[in-house]
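The values are calculated or read from the model by the stated rules, or taken from the named source; none is laboratory data. This one's a predicted model, so the numbers in the text were calculated from it and none came from an experiment. Don't worry about glycine lacking a Cβ; one is built from the backbone with ideal geometry, like all the others, and counts go over all protein chains shown.
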Amino acid sequence: MSGARYANGVTVTPNSLTAVSGYVQQDDLFIGTLSVRETLEFQALVRMERQIPRKFRMARVEAVLQELGLAKCQDTLIGAPGRVKVRRNVQESNLSRS
């Protein structure tokens, strides 16, 4: 198989593509019993590159909570009925920008 990949008419490499995009899980694949913070921490642990120390991963979680104004609802369960729903895809994409 051969070919080229383009984004907005520009040739992209695997590295340049992952630098500006990320895979977002479906809502039903999230663990509803985790809080917003726990979800971000879990994603930081599994998505960020292995060589990034835990301290820096958790700092990125803090930054995402602040950037998105989620500090007030950081302990809200993602799947709790009657609670604030959070735009999960925004959280995911922001974490991948480490």
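At a glance:
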{"item": "Residue among Gln74, Gln51, Gln43 that alone is surrounded by 13 or more Cβ atoms within 10 Å (Cβ to Cβ) and either within 21 Å of Ala19 (Cβ to Cβ) or in contact with a Cys (Cβ under 9 Å, 6 or more places away or on another chain) (or both)", "result": "Gln43"}
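Each row is one residue, and each column tells you yes or no for (1) farther than 14 Å from Leu77 by Cα; (2) assigned to a helix (DSSP H, G or I); (3) at pLDDT 85 or above; (4) out of contact with any helix residue (DSSP H, G or I) (no Cβ under 9 Å at 6 or more places or on another chain).
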residue: Gly3; (1), (2), (3), (4): yes, no, yes, yes
residue: Asn15; (1), (2), (3), (4): yes, yes, no, yes
residue: Ala19; (1), (2), (3), (4): yes, yes, no, yes
residue: Gly22; (1), (2), (3), (4): yes, no, no, no
residue: Gln25; (1), (2), (3), (4): yes, no, no, no
residue: Gly32; (1), (2), (3), (4): no, no, no, yes
residue: Glu38; (1), (2), (3), (4): no, yes, yes, yes
residue: Ala44; (1), (2), (3), (4): yes, yes, yes, no
